[in-house]
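Novice: Can you keep this structure in mind? I'll have questions shortly.
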């Protein structure tokens with residue numbers, strides 16, 4: 001059961017990363033103001049990386065064995 005949770009979370013993380021690349025591509029490709037693009041792209045990249053990193057840290061901090069033992 002533990003491997004299933006990690007596999008599903010891995011799929012979620014991969015989909016987040018693909019979504020981030022999709023957003024970055026469209027922000028860089030279809031930006032109206034090029035000066036604003038130079039600010040928005042690094043800002044979005046840094047904030048997205050921090051959110052993804054904190055999500056992974058919080059997921060790994062959960063004691064899954066104790067949680068499954070309590071419910072099952």
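Novice: I need a count of the residues in region 45-69 that are part of a loop (DSSP other than H, G, I, E, B) and under 12 Å from the mean Cα position of the chain (by Cα). First the steps, then the outcome.
Specialist: Looking only at region 45-69, we keep the residues that are part of a loop (DSSP other than H, G, I, E, B), and these are 62-63.
Okay, now just the ones that are also under 12 Å from the mean Cα position of the chain (by Cα), so none.
So the count comes out to 0.
Novice: Quick check on my filter: what residues within region 29-40 are surrounded by 14 or more Cβ atoms within 10 Å (Cβ to Cβ) and assigned to a helix (DSSP H, G or I)?
Specialist: Within region 29-40, 37, 40 qualify.
Novice: While we're on this one: When you look at residue 20, is it surrounded by 10 or more Cβ atoms within 10 Å (Cβ to Cβ), assigned to a helix (DSSP H, G or I) and in contact with a helix residue (DSSP H, G or I) (Cβ under 6 Å, 6 or more places away or on another chain), yes or no? Spell out how you get there, then give the answer.
Specialist: On the way: surrounded by 10 or more Cβ atoms within 10 Å (Cβ to Cβ): yes; assigned to a helix (DSSP H, G or I): yes; in contact with a helix residue (DSSP H, G or I) (Cβ under 6 Å, 6 or more places away or on another chain): yes.
Yes; evaluated as a whole, the condition is true for this residue.
Novice: So residue 8 clears everything in (1) under 16 Å from the mean Cα position of the chain (by Cα); (2) not in a helix (DSSP H, G or I) except one condition, right? Which one?
Specialist: For residue 8, the failing item is (2).
The numbers here are math on the coordinates, done by the rules we state, and not lab data. Worth saying up front: this structure is predicted, and the values here are computed from it rather than measured. Because the Cβ atoms are built from the backbone with ideal geometry, glycine has one as well, and the counts that use them run over all protein chains shown.
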